[in-house]
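Everything below concerns the one structure shown next.
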Amino acid sequence: MNQREFIRSLLDWIENNLGHDLHLDEVARRSGYSRWHLQRLFRQHTGFSLAEYIRQRRLTESALTLINSDEAILQVAMSYGFDTQQAYTRTFKNYFMVTPGQLRRQRRVEPDRLLFPLAMAS
């Protein structure tokens, strides 16, 4: 498997595991690369750091869930790998500039803040 195929399969794996614990050490261990090398490869192919990509994908999906469902904010936070509602709210507000509750009430998010899954060209 070449590097591009590897990154494509890693992106798929991340998408399928957004709700799980995705610490960089765990992702690196699963990949077979050192943490340093994996992060370098990921940035080279995507333009994102691995942690940044995972965080932005989780926040995007959680924001869409808040807008499109009445699921409790705590449940949304837990579904996307956050340990506490406080940690989720702090991270969410730093990224979207509104709290999860405010976003839910306004039912709208700035499109340029959303990060959808990257598709790696063949």
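Out of Ala28, Ala72, Ala51, report the one residue that is open to solvent by 30 Å² or more (accessible area, probe 1.4 Å) and over 25 Å from Arg104 (Cα atoms).
Details: Ala28 fails: open to solvent by 30 Å² or more (accessible area, probe 1.4 Å); Ala72 fails: over 25 Å from Arg104 (Cα atoms).
Step by step, each of Ala28, Ala72, Ala51 is checked, and only Ala51 is open to solvent by 30 Å² or more (accessible area, probe 1.4 Å) and over 25 Å from Arg104 (Cα atoms).
Does Arg57 qualify as being among the basic types (Lys, Arg), closer than 16 Å to Phe116 by Cα and either open to solvent by less than 30 Å² (accessible area, probe 1.4 Å) or within 15 Å of the chain's Cα centre (by Cα) (or both)? Lay out the reasoning, then the answer.
Working: among the basic types (Lys, Arg): yes; closer than 16 Å to Phe116 by Cα: yes; either open to solvent by less than 30 Å² (accessible area, probe 1.4 Å) or within 15 Å of the chain's Cα centre (by Cα) (or both): yes.
Yes, satisfied.
Given Thr84, Thr65, which one is polar (S, T, N, Q) and touching a residue at least 12 places away in the same chain (Cβ under 8 Å)? Outline the logic, then answer.
On the way: Thr84 fails: touching a residue at least 12 places away in the same chain (Cβ under 8 Å).
It is Thr65.
Output the residues belonging to segment 1-21 that are part of a loop (DSSP other than H, G, I, E, B), among the hydrophobic types (A, V, I, L, M, F, W, C) and surrounded by 11 or more Cβ atoms within 10 Å (Cβ to Cβ).
Leu18
Among the residues of segment 81-113, how many are at pLDDT below 95, in a loop (DSSP other than H, G, I, E, B) and open to solvent by less than 80 Å² (accessible area, probe 1.4 Å)?
The qualifying residues number 4.
So which residues in segment 1-50 are within 21 Å of Gln85 (Cα to Cα) and either in contact (Cβ under 8 Å) with a residue 60 or more places away in the chain or in contact with a His (Cβ under 9 Å, 6 or more places away or on another chain) (or both)? Steps first, answer last, please.
Filtering segment 1-50 for residues within 21 Å of Gln85 (Cα to Cα) gives 17-23.
The answer is Leu18, Gly19, His20, Asp21.
Say whether the condition of being among the polar types (S, T, N, Q) and more than 24 Å from Ala63 (Cα to Cα) is met by at least one residue in segment 13-27.
Within segment 13-27, none of the residues are among the polar types (S, T, N, Q) and more than 24 Å from Ala63 (Cα to Cα).
The values are calculated or read from the model by the stated rules, or taken from the named source; none is laboratory data. Being a predicted model, the structure only gives us computed values, none of them experimental. Note: ideal-geometry Cβ built from the backbone for every residue, glycine included; neighbour counts use all protein chains shown. Heads up: the accessible areas ignore ligands, DNA and RNA and are worked out on the full protein's heavy atoms, side chains in. Shrake-Rupley method; radii C 1.70, N 1.55, O 1.52, S 1.80 Å.
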